[in-house]
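Novice: One structure, as structure tokens, below. Some questions next.
Bear in mind that the values in this text are calculations on the coordinates, not laboratory data. The model shown is predicted, which means the values in this text are computed figures rather than measured ones. When we count neighbours, we look across all protein chains shown, and the Cβ atoms used for this are built from the backbone with ideal geometry, even at glycine.
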Amino acid sequence: MPRVTQGSDGASGISLRTAAAYRYGKRFIRSYRDRVSDDRSVRRIVVVGAGMAGVQTGVSLREQGFPGEIVLLSAERHQPYDRPPLSKSVLLGAADGSAFEVDFAGLNIELRLGLHADALLPETRQVVTAEGPVAYDRLVIATGAEPITLPGSAGVPGVYLLRTLDDADALRPVLAEKREIVVVGAGWIGAEFATAARVSGCPVTVVEAADRLLVGVLPAEISEPMRDWYTASGVDLMTGVKVSGVEPGAVRLEDGRRLAAGAVVVGIGARPATGWLTGSGIALDTDHAVFADDRLRTNVPGVYAVGDCASFPSARYGERLLIHHWDNAVQGPRTVAANLLGSDEIYDPVPYFWSEQFGRFVQYAGHHVDADELVHRGDPAGASWSVCWLRDGTLVSLLAVGRPRDLAQGRKLIERSAVIDAATAADPAVPLKAAVCSAA
């Protein structure tokens, strides 16, 4: 099973925004043609999904000089937008939206809104939609992830998710009316929404089925002090409590208690949006993510997969990873575009995400397992601290709370596979880079 990491992170913006950038990209057309001179049949690339991964794929193709047709299919009717602001500025009404600043027409990218991919027919190289088949020479699957719903909650008034722009728009009046809110799930999204709700003056209760915060993500010695973040912000956090059902105005718990709720927000994770691939022959892993290789190719010729919907093997960490983070949706498309244009690039990033919650800036880089050595840099009960994970002395991941310099230095050291002196790294007054004793 691939290791799954999830979070709400990133910042708005994309690397290539204007028609001028397309003109810049034309300078690379000759080199592109040289690289793919043995395959002149690639005239049309279709990208399914218009989130960050899909949009960045189209932009990267132009940036790297692809001169042919690019068709971008979006199941939503909104202009493509960035998701991280939905749980922050959009939710709080500080921004009306988070549309990408991309001139699709100027880049000659055909954007087809409100068009859902229903099936894939690799034998004829077609994507099936309600408006008819969409033909492709090469295909990129970038359909992202969809939120896991609470069983029995479908159609119950007052139950919300937070994944799309429509979700955020529906929740804004909930905050404006200062309703009493029950959040189901104390993961990153649950924490960010609880933060926004408290800023808006709403009474908030967070219900978490696990006996502590972030089980399977962080060890107890790190996550337990985070409980105080909820308390200090006026959030009633209930752990080790399962929801048995929801009804208008209330949440029922398995222990028999009933919580009053003017609104229920469900944040219990997400799963790859790959149901439309059933019967296509595209291999999926045990989490139903597309089973991509280290070039982000699928098992079907001419089909690639990128972003939240795809897992890939990491030589750096020695296991298959499924990363539900913004940074993965930015980095992966550059590799996909390069490989579509004839390169042979391996995708093996250092995962990264950030979260803003309860007045704290949380950043994480890398990937760790329980067996890795944990090194504290400061007290997790304090306002700012970080922790490092070492594997045979090599820095493999780092979590920083209010210490962005640690994160910046640590991320570079992880990329270098730097070997760290644990005793030196444990002193928060010493720059992390000063703890390097050698590099592999």
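Novice: Note down the net charge around D372, summing +1 for each Lys or Arg and -1 for each Asp or Glu among other residues with Cβ under 11 Å from its Cβ.
Specialist: Net charge in that neighbourhood comes out at -2.
Novice: Could you list the trypsin sites (Lys or Arg not before Pro) in the range 39-111 that lie in coil according to DSSP, counting only those with at most 14 other Cβ atoms within 10 Å of their Cβ?
Specialist: R40, R43, R77
Novice: Within the range 73-148, report the GluC sites (Glu not before Pro) that DSSP leaves as loop and that have at most 15 other Cβ atoms within 10 Å.
Specialist: Hits after loop and neighbour filter: E101, E123, E131.
Novice: To continue, here is another question. Divide by every residue of the chain the summed helix terms, -39500 (n - 2.57) for each DSSP H run of at least 4, and state the resulting mean residue ellipticity at 222 nm, rounded to the nearest 500 deg cm²/dmol.
Specialist: It comes out at -6000 deg cm²/dmol, rounded to the nearest 500.
Novice: Kindly rank 247-257, 302-312 from highest to lowest mean number of other beta carbons found within 10 Å of each residue.
Specialist: 302-312, 247-257
Novice: Compute the projected area of the convex hull of the Cα atoms of the range 159-266, averaged over all viewing directions, and report it in nm² to one decimal place.
Specialist: If I average the Cα hull's projected area over directions, I get 6.5 nm².
Novice: Using amide H atoms built 1.01 Å from N in the peptide plane, name the residues 5+ places from F361, or on other chains, whose amide H lies under 5 Å from its own.
Specialist: G402
Novice: Another question, if that's okay. HN-Hα J couplings of the range 90-106 from phi, Karplus 6.51/-1.76/1.60, θ = phi - 60°, integer Hz, Gly and Pro as x?
Specialist: 5, 4, 7, x, 6, 9, 7, x, 9, 4, 5, 8, 10, 8, 4, 5, x
Novice: Only bridges whose two residues both fall in the range 159-266 count here: according to DSSP, what percent of them are antiparallel, nearest 5?
Specialist: In the range 159-266, approximately 35 percent of DSSP beta bridges are antiparallel ones.
Novice: What are the ³J(HN,Hα) couplings of the range 116-129, residue after residue, when phi is run through the Karplus curve with 6.51, -1.76, 1.60 and θ = phi - 60°? Round to Hz, x for glycine and proline.
Specialist: After applying 6.51 cos²θ - 1.76 cosθ + 1.60, I find 8, 7, 9, 6, 10, 10, x, 5, 10, 6, 9, 9, 8, 9 Hz.
Novice: Any idea what the relative contact order of the chain is, in percent, if you count C-alpha pairs under 8 Å spaced at least 6 apart?
Specialist: 16 percent
Novice: Quick one: which residues, 5+ away or cross-chain, put their amide H under 5 Å from the amide H of Y304? H built at 1.01 Å from N.
Specialist: Under 5 Å from the amide H of Y304: L139, V140, I141, T298.
Novice: Any idea how far the Cα center of the range 286-316 sits from the one of the range 373-420, in Å?
Specialist: 29 Å
Novice: What residues have an amide H closer than 5 Å to that of V183, excluding those fewer than 5 places away on the same chain, when H is modeled at 1.01 Å from N in the peptide plane?
Specialist: Here T205, V206, V207, V265 satisfy the definition.
Novice: Over the chain, what is the percentage of antiparallel beta bridges among all DSSP beta bridges, to the nearest 5? Write down the numbers at each step before the final one.
Specialist: Working: 50 of 86 bridges.
Taking every DSSP beta bridge with both residues in the chain, the antiparallel ones total about 60 percent.
Novice: Would you please put 148-156, 161-169 in order of how densely packed they are, using the mean number of other Cβ atoms within 10 angstrom per residue and starting with the highest?
Specialist: Averaged packing, sorted descending, gives the order 161-169, 148-156.
Novice: Separate question: Ordered by residue, what ³J(HN,Hα) values in Hz, to whole numbers, does the range 271-279 give under the Karplus form 6.51 cos²θ - 1.76 cosθ + 1.60, where θ = phi - 60° and Gly and Pro are x?
Specialist: Using θ = phi - 60°, the values come out as 10, x, 8, 10, x, 5, 8, 3, x Hz.
Novice: Okay, moving on. Please list 65-75, 364-374, 184-194 highest first by mean number of surrounding beta-carbon atoms within 10 Å per residue.
Specialist: Sorting 65-75, 364-374, 184-194 by mean packing, highest first, produces 184-194, 65-75, 364-374.
Novice: Given a cut-off of under 8 Å on Cα pairs at least six residues apart, what relative contact order in percent is computed for the range 116-265?
Specialist: Over the range 116-265, the number comes to 22 percent.
Novice: Cα atoms only: what Rg and Dmax, in Å, come out for the chain?
Specialist: Over the chain's Cα set, Rg and Dmax evaluate to 22.5, 69 Å.
Novice: I'd like the chymotrypsin sites (Phe, Trp or Tyr not before Pro) in the range 38-129 restricted to DSSP loop residues with at most 11 other Cβ atoms within 10 Å, sorted by number.
Specialist: Working: sites: Y81, F100, F104; in loops: F100, F104.
Answer by residue number: there is no such site.
Novice: For the residues V206, V217, what sequence is obtained by ranking on other C-beta atoms within 10 Å, fewest first?
Specialist: Numbers: V206 25, V217 17.
Taking fewest neighbouring Cβ atoms as first place, the list is V217, V206.
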